[in-house]
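Student: Pasting a structure here, questions to come.
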Amino acid sequence: MRVLLPLLLILALAGCYQGDGPVLAEGAQGPVKDGVWRRADGGEVELAWDGSTGGYRVGAGGVVRLAKAGELWLADYQAERDIVLLAKLTPEQVVLVQPKPEAEQRLLATHKLALKAGPIRLLSGSAAERRSYLAAAATLPESDLVEVGRLTWMAAR
């Protein structure tokens, strides 16, 4: 659990979902820079692209695999837990977003999925079902999304 602590501090407060296994077997290199990123609370996270794993290595442990989903990116953090979220990515900003509660409930009903409460909400369904749900969430109008966290690039390592 110590390995996940730096990233979970932001994810526990952000719009993310825990699942039973990863949703992405392969990842794409996004537009984000390698290096040290600052969270809104002042903590730091180190990210570095690793082509051999098809994802970004997280300094605290684990790998984040990305897939383009419309204007957003699906981020699948694979470590001791499997956590997925949506983000707007630029070279120096990672903006975490989630559907507003009403939009989230509509999507869950449409996709016949459920959320189980917890520090990180558990999203039911297979990897394909969860991927489909997140892809649909990524197509929501901006008015149905809310920013829930942000990382800002600080320096290369």
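Student: I'd like the full set of residues that are over 12 Å from C16 (Cα atoms) and either among the charged types (D, E, K, R) or surrounded by 15 or more Cβ atoms within 10 Å (Cβ to Cβ) (or both), limited to segment 82-103. Show your work before the answer.
Tutor: In the first step, residues of segment 82-103 are kept if they are over 12 Å from C16 (Cα atoms); the result is 88-95, 100-103.
Of everything in segment 82-103, those that are over 12 Å from C16 (Cα atoms) and either among the charged types (D, E, K, R) or surrounded by 15 or more Cβ atoms within 10 Å (Cβ to Cβ) (or both) turn out to be K88, L89, E92, Q93, V94, V95, K100, E102, A103.
Student: A further question follows. Any residue that is over 18 Å from A48 (Cα atoms), more than 16 Å from the chain's Cα centre (by Cα), charged (D, E, K, R) and at pLDDT 95 or above - is there at least one of those in segment 114-126?
Tutor: no
Student: Continuing with the same structure: Would you confirm whether or not segment 59-74 contains a residue that is surrounded by fewer than 17 Cβ atoms within 10 Å (Cβ to Cβ) and modelled with pLDDT of 95 or more?
Tutor: yes
Student: Looking at A114, A138, which one is in contact (Cβ under 8 Å) with a residue 12 or more places away in the chain and either surrounded by 12 or more Cβ atoms within 10 Å (Cβ to Cβ) or in contact with a Leu (Cβ under 9 Å, 6 or more places away or on another chain) (or both)? Full working, then the answer.
Tutor: On the way: A114 fails: in contact (Cβ under 8 Å) with a residue 12 or more places away in the chain.
When all the criteria are applied, what remains is A138.
Student: So, of the residues in segment 23-51 that are of a type in the set (V, I, T) and not in a strand (DSSP E or B), which turns out to be surrounded by the fewest Cβ atoms within 10 Å (Cβ to Cβ)?
Tutor: Initial filter on segment 23-51 (of a type in the set (V, I, T)): 23, 32, 36, 45.
Filter again for not in a strand (DSSP E or B), leaving 23, 32.
Values: V23: 27, V32: 22.
Selected residue: V32.
Student: When residues of segment 52-83 are filtered for being part of a strand (DSSP E or B) and of a type in the set (D, E), how many remain? Let's see the steps before the verdict.
Tutor: Initially, segment 52-83 is screened for residues part of a strand (DSSP E or B), giving 55-58, 63-69, 72-78, 82-83.
Now drop any that are not of a type in the set (D, E), which leaves 76, 82.
Counting residues in segment 52-83 that are part of a strand (DSSP E or B) and of a type in the set (D, E) gives 2.
Student: Please verify whether L72 is of a type in the set (A, V, I, L, M) and either touching a Lys or Arg at 6+ places or on another chain (Cβ under 9 Å) or in contact (Cβ under 8 Å) with a residue 60 or more places away in the chain (or both), treating the condition exactly as stated. Give the steps one after another, and end with the answer.
Tutor: Working: of a type in the set (A, V, I, L, M): yes; either touching a Lys or Arg at 6+ places or on another chain (Cβ under 9 Å) or in contact (Cβ under 8 Å) with a residue 60 or more places away in the chain (or both): yes.
Spelling it out, L72 is indeed of a type in the set (A, V, I, L, M) and either touching a Lys or Arg at 6+ places or on another chain (Cβ under 9 Å) or in contact (Cβ under 8 Å) with a residue 60 or more places away in the chain (or both).
Student: Among the residues of segment 129-139, is any part of a loop (DSSP other than H, G, I, E, B) and modelled with pLDDT of 95 or more? If you could, list the steps in order and put the result at the bottom.
Tutor: Here is the first cut: in segment 129-139, the residues part of a loop (DSSP other than H, G, I, E, B) are 139.
Next, from what is left, pick out any that are modelled with pLDDT of 95 or more: 139.
Yes, segment 129-139 has at least one match.
Student: A further question on this structure: Residues being over 19 Å from K68 (Cβ atoms) and part of a helix (DSSP H, G or I): count how many of those fall in segment 110-128. Walk me through it before giving the result.
Tutor: First, pick out the residues of segment 110-128 that are over 19 Å from K68 (Cβ atoms): 110-126.
Subsequent filtering for residues that are part of a helix (DSSP H, G or I) retains 110-111.
Total satisfying the criteria: 2.
Student: Filter segment 77-103 for residues that are of a type in the set (D, E, K, R) and within 28 Å of A60 (Cβ to Cβ) and give the result.
Tutor: The initial filter retains those residues of segment 77-103 that are of a type in the set (D, E, K, R), namely 80-82, 88, 92, 100, 102.
Selection gives E80, R81, D82, K88, E92.
The values are calculated or read from the model by the stated rules, or taken from the named source; none is laboratory data. Fair warning: this is a prediction, and the values are worked out from it, not measured in the lab. As a convention, Cβ positions derive from the backbone with ideal geometry for all residues, glycine included, and neighbour counts pool all protein chains shown.
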